[in-house]
Ligand code: AMP
C-alpha cells in the first residue's frame, strides 16, 4: 500500500493509473477502522482495479468541539488493517492539504435534507461533510465512491452534492449495508468511547429500531416512535430523535405503504450514537 500525504502527489499517481485504463474505487473515512469500514474496502476491491482509502478527521463537520477532540485515533492499527485487506493507496493528509491557506468554504444548497434529523441536531455538520467530500473527490476523481448505509442521511447528502457539483455523471455511489456487532449494535468508531456498562446498553438503539420494523404494520407510527423513545430513555439514553421517515426524502412518514426507514440518534454519557433500519 502506498501512503500519500500530499494531494498533488496522489492526484498525479492516480492520473497515471487512469491513463492506463484503471478504474478507481474510493472509500473516505475518519479512521479508527472497524469491520464496517473494511466491508466498504472489500466492495471497492471487487469492483475496481485500484482501491483508495482516505483517513482524515475533518474538523469542519464537527459541531461539537468535545466530540472532535475525543474522536478515536488508531493509525498504526488502521494501516495494518488496510494492508491486510488489500488497499492500494491510503491518503493521509494534514489539514493544510485539504484546506490550504485561502480556502473559501462554499455553501451547498442541501435544502430540506439539511433541516431534518442529523441536520437539525448537528447544525453545519452536512456543510462540513460536503466541503471535505468535494475536496477529496476533486483530488482523487474516482469512478466509484463507497459509503455506508449506517450514515443514511449522509448518503443522501453526498448524492445531492454530486448532482449539485456536476460530478454525478462521472462518479457512481455504492451504498454498503451496516455491519453490526454480534448483539446487533452498529459498528462505529465512537463505540470505542463507551464504557463497559454503556456498551451493554448501546444495543437498545438497534433493539428499538428492530421493534419498529417488526411492528410497522400492527401499530400506529406515532405510537411506535413514542414507545421507542421511552424505552431508550429508560435505558439511560438522552434521545435526540427516533423517526420513521420516507426513504426517498427523509420526510416524516404518514403511511406505511411506501418505502420507509426508521432512524435514531441518542447519547449515552458523552457518546452520541446513530443507527437506522430499512422497514419495508
Ligand atoms: P467514518 O469513518 O465514521 O466517517 O465512516 C466512513 C465510512 O464508513 C462512511 O461511509 C460510513 O457510513 C461507513 N461506515 C461506518 N460504520 C459502518 C458500519 N457499521 N457498516 C458499514 N459502513 C460503515
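Just so it is clear, none of the values below were taken in a lab; they were calculated from the coordinates. What you are looking at is a predicted structure, and each value in this text was computed from that prediction instead of being measured. When we count neighbours, we look across all protein chains shown, and the Cβ atoms used for this are built from the backbone with ideal geometry, even at glycine.
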- What angle do you read, to the nearest 10 degrees and between 0 and 90, between the alpha-carbon axis of helix 125-140 and the longest principal axis of the chain? 30 degrees
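Set the Förster radius R0 to 51 Å, insert the Cβ-Cβ distance between residue 12 and residue 207 as r into 1/(1 + (r/R0)^6), and round the FRET efficiency to 0.05.
Details: r = 49 Å, r/R0 = 0.96.
The value I calculate is 0.55.
May I ask you to order 216-222, 12-18, 38-44, 49-55 by the average number of other C-beta atoms within 10 Å around their residues, highest value first? List each step's numbers first, then the result.
Details: 216-222: 12.4, 12-18: 14.9, 38-44: 21.7, 49-55: 24.0.
Going from most to least packed, we get 49-55, 38-44, 12-18, 216-222.
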- Put a dot 7 Å past each Cα toward the Cβ at residue 19 and residue 96; how far apart are the dots in nm? 2.9 nm
- Query: How do 103-110, 171-178 rank on mean C-beta neighbours within 10 Å, highest first?
  - Reply: 171-178, 103-110
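What's the extension gain from residue 227 to residue 73 if we count 0.36 nm per residue and subtract their Cα-Cα distance? List each step's numbers first, then the result.
Details: separation 154, 0.36 × 154 = 55.44 nm, distance 3.60 nm.
Computed gain between residue 227 and residue 73 is 51.8 nm.
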- Query: For the chain, what are the per-bin percents of Cα-Cα distances with bins 10 Å wide, up to the bin holding the maximum?
  - Reply: 6, 28, 36, 22, 7, 1
- May I ask for log10 I(q)/I(0) of segment 54-130 at q = 0.26 Å⁻¹, from a Debye sum over the Cα atoms as equal point scatterers with solvent left out? -1.19
- Label-to-label distance, nm, for residues given as residue 246 and residue 103 (7 Å Cα→Cβ offset): 3.6 nm
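Determine one quarter of the surface area of the Cα convex hull of segment 158-280, which equals its mean projected area, and express it in nm² to one decimal.
Working: hull surface 35.2 nm².
Across all orientations, segment 158-280 yields a mean hull projection of 8.8 nm².
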- How high is the relative contact order of the chain, in percent, counting Cα pairs under 8 Å that sit 6 or more residues apart? 18 percent
- Message: Compute the distance from the alpha-carbon center of segment 227-254 to that of segment 175-221, in whole Å.
- Response: 12 Å
- How far apart, in nm, are two points set 7 Å out from the Cα along the Cα-to-Cβ line at residue 164 and at residue 258? 2.3 nm
- Query: Relative contact order for segment 1-129: what is it in percent, counting Cα pairs under 8 Å that are at least 6 residues apart?
  - Reply: 34 percent
- Note on the structure: If one compares the long axis through the Cα atoms of helix 204-215 with the longest principal axis of the Cα atoms of the chain, the angle in degrees, nearest 10, works out at 70 degrees
- Message: What is the angle, in °, between the Cα long axis of helix 75-84 and the longest principal axis of the Cα atoms in the chain? Nearest 10 is fine, range 0 to 90.
- Response: 80 degrees
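Relative contact order, percent, of segment 198-280 when contacts are C-alpha pairs under 8 Å separated by at least 6 residues?
Numbers: 132 pairs, mean separation 25.1, N = 83.
Relative contact order for segment 198-280 comes out at 30 percent.
So what is the 222 nm mean residue ellipticity for the chain from helices alone, if each DSSP H run of at least 4 adds -39500 (n - 2.57) and you divide by all residues, rounding to the nearest 500 deg cm²/dmol?
On the way: 11 runs with 111 residues, N = 280.
Computed mean residue ellipticity for the chain: -11500 deg cm²/dmol.
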